[in-house]
Amino acid sequence: MSPGATAKESSNSNPLPQEKRTALRIFWGQLRGNGRNNWDADKIKFLKKIPFFENLRRKQLEEVATLVYERDYEENEYIFEVSQPGAALFIVQYGEVSVEIPRDDEEPTQLAVVGKHQFVGELALLDEAPRSASARALGKTKVFALFRKDLDRLSETHPDITSHIYRALAIIVGNRLKATNELIDKKLKLVG
């Protein structure tokens, strides 16, 4: 802008018509990734509500969102089964998932039912130890899956992101362990 020129004068001095300038902005914005669709924004907004990701900044969430896969399950379809190697964390987008332990010739023992914004299989982010329970869709269910191998690769390029995720995982596992200990303690007091 020349000295003394106003912003309006400067914008009018561009030789391209307004329509072409707008089209070029849209084109370059899409190439740069600025033209993200609403789905990406919704996915990021959803992930922000999950404890693993709630402390991440927008750019960090965008990086994680590229690693999260969407999966659909029908009623009574297993997301994973007991004794299978752990490979991924599953976050319920909609529907309900029964966490259960199968029993020979009996109905499975249901440990919990998780719904929207809740998750199962978080220990699989640490290692591929066999699953200690099964997770079964109770109806049409959509989940996001984050695979340990993808998280491991992310730790090589973005350790700041994975440190937040692993810290949240440690807090969650610790809280669940405390709750389990309290439950066992109550049961023992009832028996004794």
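The values are calculated or read from the model by the stated rules, or taken from the named source; none is laboratory data. None of the values given here were measured: they were computed from a predicted structure. For neighbour counting, all protein chains shown are included, and Cβ atoms are generated from backbone atoms with ideal geometry for every residue, glycine included. For the accessible areas, the whole protein counts, side chains as well, though only heavy atoms, and no ligand, DNA or RNA atoms are used. Shrake-Rupley method; radii C 1.70, N 1.55, O 1.52, S 1.80 Å.
Miscellaneous remarks
- Of all residues in segment 41-56, those satisfying the criterion of being open to solvent by less than 10 Å² (accessible area, probe 1.4 Å) and assigned to a loop (DSSP other than H, G, I, E, B) are ILE50, PHE52, PHE53, LEU56.
- Test result for LEU89, open to solvent by less than 60 Å² (accessible area, probe 1.4 Å), modelled with pLDDT of 65 or more and over 24 Å from ARG136 (Cβ atoms): no
- With respect to the stated conditions, THR66 is out of contact with any Ser or Thr (no Cβ under 9 Å at 6 or more places or on another chain), open to solvent by 80 Å² or more (accessible area, probe 1.4 Å) and either at pLDDT 95 or above or hydroxyl-bearing (Ser, Thr, Tyr) (or both).
- No other residue among LYS59, LYS116 is assigned to a helix (DSSP H, G or I), open to solvent by 40 Å² or more (accessible area, probe 1.4 Å) and farther than 18 Å from LEU169 by Cα apart from LYS59.
- Filtered by the rule that a residue be part of a strand (DSSP E or B) and either in contact with a helix residue (DSSP H, G or I) (Cβ under 9 Å, 6 or more places away or on another chain) or open to solvent by 50 Å² or more (accessible area, probe 1.4 Å) (or both), segment 138-159 gives PHE144, LEU146, PHE147.
- Residues (touching a residue at least 60 places away in the same chain (Cβ under 8 Å) and open to solvent by 10 Å² or more (accessible area, probe 1.4 Å)) located in segment 123-137: ARG136
- Within segment 62-89, being in a loop (DSSP other than H, G, I, E, B) and aliphatic (A, V, I, L, M) holds for LEU67, VAL68, VAL82, ALA87.
- A count restricted to segment 45-91 and to residues that are touching a His at 6+ places or on another chain (Cβ under 7 Å) and either of a type in the set (Val, Ile, Thr) or without any contact (Cβ under 8 Å) to a residue 40 or more places away in the chain (or both) stands at 1.
- LYS186 being at pLDDT 95 or above, open to solvent by 50 Å² or more (accessible area, probe 1.4 Å) and more than 17 Å from GLU81 (Cα to Cα): no
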